[in-house]
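Asks: First the structure, then my questions, so here it is.
The values are calculated or read from the model by the stated rules, or taken from the named source; none is laboratory data. Note that the structure is predicted; figures quoted are calculated from it, not measured. All Cβ positions, even for glycine, are placed from backbone atoms using ideal geometry, and neighbour counts span all protein chains on display. Accessible surface areas use protein heavy atoms only, side chains included; no ligands, DNA or RNA. Shrake-Rupley method; radii C 1.70, N 1.55, O 1.52, S 1.80 Å.
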Amino acid sequence: MFDTALTLSDLMFLIKGAGMTLAVTFFAVTGGTLLGLLFGVLRAQISVWAALPLIFVLDVFRSVPLLIQLVLANAFQAIAGLNMPPFATSCIVLALYTSAYCTEIVRGAIDAVPTVTRRAARSLGLSWGQDMRYIVFPMALRVALPSWIGLTLGVMKDSALVLWLGLIELLRSGQILVTRLQEPMFILMVVGAIYFLMSFPIARLGGQLEKRWREND
Amino acid sequence: MIEIRNVYKSFGPLEVLKGVNLSVEKGEVVSVIGGSGSGKSTLLTCINGLEPINSGTILVDGVEVHAKTTDLNLLRRKIGIVFQQFNAFPHLTVLENVTLAPRKVLGMSKAAAEEIAVKQLTHVGLADKLSVYPGRLSGGQQQRMAIARALAMSPAYVLFDEVTSALDPQLVGEVLDTLKLLANEGMTMICVTHEMSFARDVSDRVAFFHKGVLAEIAPPDQFFSAPQHPETREFLSNIR
Ligand SMILES: Nc1ncnc2c1ncn2[C@@H]1O[C@H](COP(=O)(O)OP(=O)(O)O)[C@@H](O)[C@H]1O
Ligand SMILES: [Mg+2]
């Protein structure tokens, strides 16, 4: 029905690229979320003045284009003689970039927990840590989840930029095939479909959780 | 016994408590009335150490609340507090709301905590709501749940901060009835309230909060029929 030079092994090549995209995204989101949790709790806890250095650094990560961050980080690690593989550099840069957004999500979600609810918890004798664990985190999670899903899906797409450090992820694999087969429309459609297939479960998972939580209200 | 001695407290430049003195004996019910924004809520949150104070002392059973060495988490076990604003834990069922602190703070087993919780929830008339989430409760039911939650810790004192103020008028009665029940059972209570009939019928003493101090403290008969301070008279005449 459709004439294409794309072979099964070309498709496997794309899927290998998709694997790279998933790997970079996984490490970036995991690392970025852990750091974002740490920084977000810190931001919600300490005064704006004390947090100023942190705010500044995170603002840099949020405002400088990711491509520039990737290229500069790669150049700096080479100058410093760290000899880091591009994969590690990419994951670290993307994780920091993710953490900058995640910090804001976490801080906003924690701030959305009403003061009186936290006071009620502390009044019952719960320690700060118990309040965080049993009251603040579960309540904040419901607020943060939609933004966090959005961030994760965004990072998956932004991760395409690591091709500038020579990593062959999904978009780069697509480019290579386009150059070789000269079928840009079809190949980009396949690449787009693969991106969609990777994003869909994450988006659905978020939708499911939200639905379950909403039933309780 | 709760002893509040010459307590001063400011929020920045705003001095809210200006030398508050009050002693509450075991078994006593003290109602605190006064204009809104006068510092009544602040006083209650100072008693369990949620708010720091600038000077003076607050002693609960001889323990100085604001001393550096005081373990507030330990002290708070015996001071229950119910707030004006609804403060249910929305992600937990009614039963879980009430069992959380007994389990995590007192280290009770799930079964033991549930036994206490069911008893307290039955007490406030919520026995049929155990597995419901707070979002499904009316305002009056939420406040009664909050009362049960505080009582499940077997506190020696319970502080009530205008617990009926956020309620629709037809729901006020059920919560006041719960408070009366507790008062009759001998619970030591400080009730900030706007319900004058409650203050008159249930309290052992009524205190009038005015300009950062408790301007007048007297048994209800005397307080309502022969107030000593002109400000008390004025406040009461505006309410009637
Ligand atoms: N956390 C806070 N920060 C700054 N001002 C506050 C804070 N809490 C209360 N206030 C102020 O302190 C005064 C007394 O408040 P509050 O104790 O809530 O009064 P009441 O309970 O008698 O209505 C009000 O003017 C209020 O705006
Ligand atoms: Mg108040």
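Asks: For the modelled label position 7 Å from the Cα of B:Lys119 along Cα-to-Cβ, which residues of region B:136-178 have backbone nitrogen atoms closer than 19 Å?
Replies: Inside the label zone: B:145-158.
Asks: Add -39500 (n - 2.57) for each DSSP H run of 4 or more in chain B, then divide by its residues: what number comes out at 222 nm, to the nearest 500 deg cm²/dmol?
Replies: Rounded to the nearest 500, the figure is -11000 deg cm²/dmol.
Asks: Follow-up question, since we're still on this one. Work out the mean other chain Cβ neighbour count within 10 Å for the residues of A:113-120 and drop it here as an integer.
Replies: Other-chain Cβ atoms within 10 Å of each residue's Cβ, averaged: 6.
Asks: Beyond 24 Å, how much of the Cα-Cα pair distribution for chain A remains, as a whole percent?
Replies: Taking all Cα-Cα pairs of chain A, the fraction more than 24 Å apart is 54 percent.
Asks: Still on this structure, I have one more. Taking chain A as a Gaussian network, Cα atoms linked when under 10 Å apart, which of A:Ile176, A:Ile149, A:Ile46 shows the biggest mean-square fluctuation?
Replies: A:Ile46
Asks: Normalised by the empirical 2.2 N^0.38 Å for globular proteins, what value does the Cα Rg of region B:2-239 take?
Replies: 1.01
Asks: Of A:Ala120, A:Pro184, A:Leu14, which is farthest along the charge dipole of region A:8-216 in the positive direction, counting Lys and Arg as +1 and Asp and Glu as -1 at C-beta?
Replies: Ranked along the dipole, the leading option is A:Ala120.
Asks: Let me ask another. Can you send over the solvent-accessible area of A:Ile68, 1.4 Å probe, protein chains only, in Å² to the nearest 10?
Replies: It works out to around 80 Å².
Asks: Let me ask something else. Taking the Cα of A:Val71, stepping 7 Å toward and past its beta carbon, and measuring to each backbone N in region A:157-194: which are under 17 Å?
Replies: A:159-167, by backbone N distance to the label point.
Asks: Note down the magnitude of the dipole of the protein assembly as shown about its Cα centre, charges +1 on Lys and Arg C-beta and -1 on Asp and Glu C-beta and zero elsewhere, to the nearest 20 debye.
Replies: Charge dipole of the protein assembly as shown: 660 debye, to the nearest 20.
Asks: Mind checking the angle between helix A:86-111 and chain A's longest principal axis? C-alpha axes, 0 to 90 degrees, to the nearest 10.
Replies: It is inclined by approximately 30 degrees.
Asks: Now for a different question. So, R0 is 51 Å and r is the distance between the beta-carbons of A:Ala5 and B:Leu14; what FRET efficiency does that work out to, to 0.05? Before the final figure, lay out each step's value.
Replies: Details: r = 77 Å, r/R0 = 1.51.
Calculated transfer efficiency: 0.10.
Asks: I've got another one for you. Just the number, please: Stokes-Einstein D of the protein assembly as shown in µm²/s, Kirkwood Rh from C-alpha pairs, 4 °C, 1.567 mPa s.
Replies: Translational diffusion coefficient: 50 µm²/s.
Asks: Against the longest principal axis of chain A, how steep is helix A:137-158, in degrees 0 to 90 to the nearest 10, with axes from Cα atoms?
Replies: That helix lies at roughly 20 degrees to the long axis.
Asks: Please compute the Kirkwood hydrodynamic radius over region B:1-105, one decimal place, Å, based on all pairs of different Cα atoms.
Replies: 15.3
Asks: In the full protein assembly as shown, how much of B:Ile217 is accessible to a 1.4 Å probe, in Å² to the nearest 10?
Replies: 60
Asks: Roughly what % of DSSP beta bridges within the protein assembly as shown run antiparallel, to the nearest 5?
Replies: Bridges in the protein assembly as shown are about 55 percent antiparallel.
Asks: Assuming R0 = 35 Å, can you tell me the calculated FRET efficiency for the pair B:Asp168 and A:Ala50, based on Cβ-Cβ distance, to the nearest 0.05?
Replies: 0.20
Asks: Here's another thing I want to ask about it. Could you compute Rg(Cα) / (2.2 N^0.38 Å) for region B:125-240, with N its residue count?
Replies: Its radius of gyration relative to the 2.2 N^0.38 Å reference: 1.18.
Asks: Using only the Cα atoms of region A:40-166, construct the convex hull and provide its projected area averaged over every direction, in square nanometres to one decimal.
Replies: The Cα convex hull of region A:40-166, projected and averaged over all directions, gives 9.2 nm².
Asks: Which value, in Å² rounded to 10, gives the accessible area of B:Ser138 with a 1.4 Å probe and all protein chains present?
Replies: Spelled out: B:Ser138, probe radius 1.4 Å, area about 40 Å².
Asks: Something else about it: Considering the zone a paramagnetic label at B:Asn6 would reach in this model (a point 7 Å from Cα along the Cα-to-Cβ line), which residues of region B:195-221 have amide N under 17 Å from it?
Replies: Only B:213-214 fall inside the zone, counting backbone N under 17 Å.
Asks: To continue, here is another question. Averaged across A:124-134, how many Cβ atoms of other chains sit within 10 Å of each residue's Cβ atom?
Replies: 6
Asks: Once fully extended, how much extra length lies between B:Ala112 and B:Glu231, figured as 0.36 nm per residue of separation less the alpha-carbon to alpha-carbon distance? Present the calculation step by step, with values, prior to reporting the outcome.
Replies: Numbers: separation 119, 0.36 × 119 = 42.84 nm, distance 4.98 nm.
Gain in length upon complete extension: 37.9 nm.
Asks: Could you give the accessible area per residue of region A:112-217, probe 1.4 Å, as a whole number in Å²?
Replies: Value for region A:112-217: 51 Å² per residue.
Asks: Now for a separate question. I'd like the orientation of helix A:48-63 relative to chain A: the angle between its Cα long axis and the longest Cα principal axis, in ° from 0 to 90, rounded to 10.
Replies: Helix A:48-63 sits at roughly 10 degrees to that axis.
Asks: Across bins of 5 angstrom width beginning at 0, how are the C-alpha pair distances of region B:113-190 distributed, in whole percent?
Replies: All Cα pairs considered, the percentages come to 3, 16, 28, 27, 19, 7, 1.
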